[in-house]
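Every number here is computed from the coordinates shown, using simple stated rules; none is lab data. The structure presented is a predicted model; accordingly, all values stated were derived computationally and were not measured. Cβ atoms come from the backbone with ideal geometry, glycine included; neighbour counts cover every protein chain shown.
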Amino acid sequence: MKKQSDWKAKLNRFFFGFQQEMIKTSVIGKKMLTASRTNAHLKDTYEELGRLLEKAIDSGEVEWDSAKVRALLHTVRACKKDLEEIERQVHKIKFSAGPKCPQDIAVLSDKQSEKKPETKPED
């Protein structure tokens with residue numbers, strides 16, 4: 001009987017330890033998710049603040065004479081221009097017929113040369 005109760009006690013301690021570790025892991029996971037959401041919200045807030053400041057500087061509402069700010073605004077404008085160009089190129093690629101593969105071009109060339117009437121030089 002003693003051996004059976006020892007075995008049950010060990011099993012209960014194991015399950016209790018396992019349960020406690022699962023609880024801790026769940027709590028840590030929830031905290032990490034909350035921190036991730038908060039970090040994402042903070043990033044979005046900084047982005048919005050930056051956009052508002054950019055508009056205010058561009059419109060003249062705010063004057064901020066700083067070489068760093070000018071450099072950052074230059075970078076922002078360059079990135080926006082690059083993104084617009086990329087978007088234009090993607091749009092063009094999406095809606096264009098696209099190039100023919102080399103094998104198709106060779107087949108089309110052969111067919112077109114067969115269809116062309118031969119012209120004889122006039123005497």
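Give me the count of lysine pairs in the stretch 1-62 whose alpha carbons sit under 23 angstrom apart, restricted to pairs 8 or more positions apart or on different chains. Walk me through the numbers before you get to the answer.
Numbers: 2/10; 10/24; 30/43; 31/43; 43/55.
Going through the stretch 1-62 pair by pair, I get 5.
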Full-extension gain in nm, residue 47 to residue 19, via 0.36 nm per residue minus C-alpha separation: 5.9 nm
So the FRET efficiency between residue 68 and residue 40, C-beta based with R0 = 35 Å and rounded to 0.05, is 0.85
Across 5 Å bins from 0, what is the distribution of all Cα-Cα pair distances for the stretch 1-62, in whole percents? 4, 15, 9, 10, 8, 8, 8, 6, 7, 5, 5, 4, 3, 3, 2, 2, 1, 0
